[in-house]
Amino acid sequence: MSEQKDFTIRKEVIWESEIASDQEVSRKEVELIRRYSSNNPSIGYNQWPKYIPKADIQLTNIHTRRLVLIPFTLEVAREIYAFNTGILTQIGLQPTRTWPDQESMDTLPRIIKRLEQLPEPTGFESWMIVLRHNATVIGDAGFKGGPNIEGIVDIGYSIIEQEQQKGYGLETARALVDWAFWHPEVKAVTANCLLENAASIRLLEKLGMLETVRDDEMIYWKLARSVAVTR
């Protein structure tokens, strides 16, 4: 004899869009999987992206010959956006009048929004670019989120005007690309720049990126893992 049971299933829509591209949908899918830990076997069923327990996450600074890349935390990003640059002193950096510049201030709301969606930084957000010799911040760089379902991450960078034309942009981009490819789920790194931005074009070419397409304003670039490992 079986006992009759009554079940109610509730469906909640947590994100929707009628105009998003396939790439945007994939990026949002990965973001939500990470946010709700549905790739954690004890919680959900998603097997990708690979679940990494917090205890195994060791996000450290990236050191190059002349620079240190330091990941933004939510607290630091919020304080800097509020012009409370004293937070830099608290983490061992030297505040200056040249950073944040207007470009960084325009970017900080997006950085804050991404960090608000995470329990802690993963590295696939933004990093401060710091001169090793005097601990001053000269810009910021990073990714627009973790790898999408195709294993692609998009990179960008900004250097204050006073420190441009010194190779810091290329040094930063190379370090972040190498960091990204250290993660096996990353299959390619993409970037874009304005048609008239000759400096960025030269940088991306030196980085080994190949132009994939261009429109009336932008050139779009891509570096595949298979190309990067043979540079």
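Looking at segment 125-135, can you tell me whether even one residue there is touching a Pro at 6+ places or on another chain (Cβ under 8 Å) and assigned to a loop (DSSP other than H, G, I, E, B)? Yes, there is a match, as at least one residue in segment 125-135 is touching a Pro at 6+ places or on another chain (Cβ under 8 Å) and assigned to a loop (DSSP other than H, G, I, E, B). Being out of contact with any Gly (no Cβ under 6 Å at 6 or more places or on another chain) and open to solvent by 50 Å² or more (accessible area, probe 1.4 Å) is a property that does not hold for ASN148. Inspection of segment 193-206 finds a residue satisfying the criterion of being buried (at least 16 other Cβ atoms within 10 Å of the Cβ) and either in a strand (DSSP E or B) or in contact with a Ser or Thr (Cβ under 9 Å, 6 or more places away or on another chain) (or both).
Condition check for ARG132 on (1) under 12 Å from the mean Cα position of the chain (by Cα); (2) open to solvent by 30 Å² or more (accessible area, probe 1.4 Å): one failure, at (1). Taking the numbered list (1) open to solvent by less than 40 Å² (accessible area, probe 1.4 Å); (2) outside any helix (DSSP H, G or I) in turn, THR172 passes all entries but (2). Restricting GLY123, GLY156 to residues that are open to solvent by 10 Å² or more (accessible area, probe 1.4 Å) and farther than 14 Å from PRO100 by Cβ narrows the list to GLY156.
Could you please find all residues in segment 76-117 being in a helix (DSSP H, G or I), open to solvent by 90 Å² or more (accessible area, probe 1.4 Å) and in contact (Cβ under 8 Å) with a residue 40 or more places away in the chain? The answer is GLU103, GLU116. Scanning segment 182-220 for residues that are of a type in the set (Gly, Ala, Ser) and farther than 20 Å from ILE149 by Cβ yields ALA198, ALA199, SER200, GLY208.
The values are calculated or read from the model by the stated rules, or taken from the named source; none is laboratory data. For clarity, every value in this text was computed on a predicted model and none was experimentally measured. Every residue, glycine as well, gets a Cβ built from its backbone with ideal geometry; the counts of neighbours run over all protein chains shown. Only protein heavy atoms, including side chains, enter the accessible area calculation; ligands, DNA and RNA are left aside. Shrake-Rupley method; radii C 1.70, N 1.55, O 1.52, S 1.80 Å.
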